[in-house]
């Protein structure tokens, strides 16, 4: 592989974003390697990897780009982390909503909204990562932030599984969006699948898997 450049990687489930960076650093032999937007370990999809000092200096520029995701939300259950990695418990039984009711609920989230990032996130609180404080059982508050949902479409709905596609501003937490959607439907929910398909003009169709990079 060439030494420097912008690489579009299709991150596999089970890998952290840092795992991908470390692998690319090992393959390329270049120390200055960074990524432009963390994906949770359970998530898959587009990760922009920047190789070379000049490109890593522009990391924040890439991180501010809008993003698109596809996600599967499981209703009627909740997770301490909002994803499969947390403790899963069954929530209250609810009346199964119709497809139209679900579509109407999703429409309510389109536009500029306030969102509280999850406790299990990399946001710093008093100089420490929130997820580290959460794992220690500490109590703390994360201030709400304004984010923008440009579009939110229902792909399929077969209770308890709700699959949707969302285009959103940088800083949006899809785990939190999933939980908020479930709450608006009168229940709880957590993401069982999350795939990032686009970052700005960069599309997942142009990405490569780690093993393809390795072979190259």
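Rule-based calculations on the coordinates, nothing more; no lab input. Here the structure is a predicted model, which is why all the values come from computation and not from measurement. Please note: Cβ atoms are built from the backbone with ideal geometry, for glycine as well, and neighbour counts cover all protein chains shown.
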Paired Rg and Dmax values of the chain, which use every Cα atom, in angstrom:
18.0, 56
Mind giving me the nanometre distance, one decimal, between the label points for residue 108 and residue 151, set 7 Å out from Cα along Cα→Cβ?
2.3
Of all DSSP beta bridges having both residues in the chain, the percent classed as antiparallel (nearest 5) is 95
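When ranked by the protection proxy of mean other Cβ atoms within 10 Å per residue, highest first, what sequence do the peptides 153-166, 103-116 form?
Top of the packing list down: 153-166, 103-116.
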Rounded to 10°, Cα long-axis angle of helix 17-28 versus longest principal axis of the chain:
20
